[in-house]
Amino acid sequence: MKKVIIIGGTSGIGRGLAELLVEKKWTVGITGRRVQLLNEIKESSKNRILIQEHDITDINSSDEKIESLFHQLKVVDLVIVSSGISELNQELSWKIESNVIETNVNGVAKVYEFVFSKFKKQGHGHLVGISSIASLRGNRHCPSYSASKAFQANYLEALRCIAKNEKIDIKVTDIQPGFVDTPMAKGDGLFWVASTEKAIKQIYSVILKQKRKAYITKRWRFIAWIMKIVPSWILEKT
């Protein structure tokens, strides 16, 4: 039976993946900040999900919290990092920018580093990061969010390069969703908003294939291509 840890598994994509993987007979451990919600999820799953309170912005305790699940599971095949926050902030409130950076950059990077090191000692593993299509270009509506997702995408690529260079059996996957119907999707006039269920099914398929990168849903590959080539002056007007 395969074993997975989902960092940020109490809501949205993380929770949906946890529920799907339980259905697929995986042994699942999840982390999250809200203890009450963790307990509710454990109870509703009939104790088939292991839980661990974990705030990724608490850098000093992050390793210890994830280590607890690694210890319980003994051998971990897959870690999915689904933690993150998104805020609209064209006004550049530093409080908002700082919170996003603390979570999406510092917190997530610490998790990536710890998990990669654990897999290296274990000799194998699959790390999946949920970044975003927003990683491709800067966005005036949410500057720190798009920048932080670019950081995550590049960090994941760097880890993949390390694994290849050192010939370690560690797979690294970067999932880049477009708009998915979760609290993370903010703003007016959103288009091509996928249901959480559809996004989760496609992410699960990508995980099984151990792809390097995938856009979710698949139609966002077209948007990604456009975003990569569109001139900056067009972005400045949108």
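The values are calculated or read from the model by the stated rules, or taken from the named source; none is laboratory data. Predicted, not measured: the structure shown is a model, and the values here were computed from it. Reconstructed Cβ throughout: ideal geometry from the backbone, glycine too, with neighbour counts over all protein chains shown. Quick note on the areas: whole protein, heavy atoms, side chains included, nothing else; ligands and nucleic acids left out. Shrake-Rupley method; radii C 1.70, N 1.55, O 1.52, S 1.80 Å.
Taking the residues in region 198-219 that are open to solvent by less than 90 Å² (accessible area, probe 1.4 Å) and part of a strand (DSSP E or B) as candidates, determine which candidate is farthest from CYS161 (Cα to Cα).
Filtering first and then ranking leaves ILE216.
Name every residue in region 106-135 that is surrounded by fewer than 18 Cβ atoms within 10 Å (Cβ to Cβ) and part of a helix (DSSP H, G or I), in order of residue number. Working first, answer last.
Filtering region 106-135 down to residues surrounded by fewer than 18 Cβ atoms within 10 Å (Cβ to Cβ) leaves 106, 109, 113, 117, 120-124.
Answer for region 106-135, where residues must be surrounded by fewer than 18 Cβ atoms within 10 Å (Cβ to Cβ) and part of a helix (DSSP H, G or I): ASN106, ALA109, GLU113, SER117, LYS120, LYS121, GLN122.
Quick one: how many residues across region 2-50 are over 26 Å from SER132 (Cα atoms) and touching a Lys or Arg at 6+ places or on another chain (Cβ under 6 Å)?
Selection size over region 2-50: 2.
From TYR155, TYR145, grab the single residue that is in contact with a helix residue (DSSP H, G or I) (Cβ under 9 Å, 6 or more places away or on another chain) and either closer than 21 Å to ILE170 by Cβ or open to solvent by 40 Å² or more (accessible area, probe 1.4 Å) (or both). Let's see the steps before the verdict.
On the way: TYR145 fails: either closer than 21 Å to ILE170 by Cβ or open to solvent by 40 Å² or more (accessible area, probe 1.4 Å) (or both).
The unique qualifying residue is TYR155.
Against the conditions (1) outside any helix (DSSP H, G or I); (2) modelled with pLDDT of 95 or more, where does LYS186 fall short? Just the number, please.
Exception for LYS186: condition (2).
Report every pair of residues separated by at least 6 positions or lying on different chains whose Cβ atoms are under 8 Å apart, first residue within region 121-136 and more than 17 Å from ALA109 (Cα to Cα), second part of a helix (DSSP H, G or I) and modelled with pLDDT under 95.
Short answer, once both residue conditions are applied: ILE133/TRP220; ILE133/ILE223; ILE133/ALA224; ILE133/MET227; LEU136/ALA224; LEU136/MET227; LEU136/LYS228.
Looking at region 55-71, is at least one residue over 18 Å from GLY9 (Cα atoms) and among the β-branched types (Val, Ile, Thr)?
Yes, the conditions are met somewhere in region 55-71.
Return a yes/no flag: does region 81-94 have any residue that is in contact with a Cys (Cβ under 9 Å, 6 or more places away or on another chain), modelled with pLDDT under 95 and among the aliphatic types (A, V, I, L, M).
Scanning region 81-94 turns up at least one residue that is in contact with a Cys (Cβ under 9 Å, 6 or more places away or on another chain), modelled with pLDDT under 95 and among the aliphatic types (A, V, I, L, M).
Residue check: is ASN154 part of a loop (DSSP other than H, G, I, E, B), over 13 Å from the mean Cα position of the chain (by Cα) and among the polar types (S, T, N, Q)?
Considered against the rule, which asks whether it is part of a loop (DSSP other than H, G, I, E, B), over 13 Å from the mean Cα position of the chain (by Cα) and among the polar types (S, T, N, Q), ASN154 comes out as no.
ASN99 fails exactly one of the following numbered conditions: (1) open to solvent by less than 20 Å² (accessible area, probe 1.4 Å); (2) farther than 25 Å from LYS237 by Cβ; (3) over 15 Å from the mean Cα position of the chain (by Cα). What is the number of that condition?
(1)
Which pairs turn up if I take residues in region 220-238 that are surrounded by fewer than 11 Cβ atoms within 10 Å (Cβ to Cβ) and look for partners that are of a type in the set (Gly, Ala, Ser) with beta carbon separation below 9 Å, at least 6 apart in sequence or on another chain?
Pairs that qualify, where the first residue is surrounded by fewer than 11 Cβ atoms within 10 Å (Cβ to Cβ) and the partner is of a type in the set (Gly, Ala, Ser), are SER232/GLY138.
Out of region 161-177, which residues are over 20 Å from the mean Cα position of the chain (by Cα) and part of a strand (DSSP E or B)?
Within region 161-177, just ASP169 meets the criteria.
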